[in-house]
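First comes the structure, then the notes that go with it.
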Amino acid sequence: MPFYQKEKSKIRMVVLTKHGHENPVFYSPIQENAKPSIKIIEGMLKRIPKTLKMELVNVIRFYENGALIYEVK
């Protein structure tokens, strides 16, 4: 089974970056789907600095079932 999958992951995280940079999308690990959404979000936020340069990030948005559930500016 894959670690994450667009169709099966509970949370989708969209990172809105400064103009001229790509806005990456990340998906939560499938094995964490049973956890409360806020716990999954906290874990994803901890991993962000390891993946992206934080000075490029403007807003981080979290979606569950297509609905915006949390936003960090």
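The values are calculated or read from the model by the stated rules, or taken from the named source; none is laboratory data. Predicted, not measured: the structure shown is a model, and the values here were computed from it. Note that each Cβ is placed from the backbone with ideal geometry, even for glycine, and that neighbours are counted across all protein chains shown. Accessible surface is based on the protein model in full, side chains and every heavy atom, while ligands, DNA and RNA are left aside. Shrake-Rupley method; radii C 1.70, N 1.55, O 1.52, S 1.80 Å.
Numbers below:
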read-out	value
Unmet requirement for residue 50, which otherwise passes all of (1) farther than 14 Å from residue 73 by Cβ; (2) at pLDDT 95 or above	(2)
Selection from the stretch 13-49 of residues that are open to solvent by less than 20 Å² (accessible area, probe 1.4 Å), within 18 Å of residue 67 (Cα to Cα) and touching a Phe, Trp or Tyr at 6+ places or on another chain (Cβ under 6 Å)	13, 41
Filtered residues of the stretch 1-12 (kept if at pLDDT 95 or above and open to solvent by 70 Å² or more (accessible area, probe 1.4 Å))	12
Every residue from the stretch 50-73 that is closer than 20 Å to residue 19 by Cβ, open to solvent by 50 Å² or more (accessible area, probe 1.4 Å) and under 11 Å from the mean Cα position of the chain (by Cα)	61, 71
Cβ-Cβ under 9 Å pairs, at least 6 apart or on other chains, the stretch 58-72 side more than 14 Å from residue 48 (Cα to Cα) and modelled with pLDDT under 95, far side among the charged types (D, E, K, R) and surrounded by 14 or more Cβ atoms within 10 Å (Cβ to Cβ)	65/10; 66/12
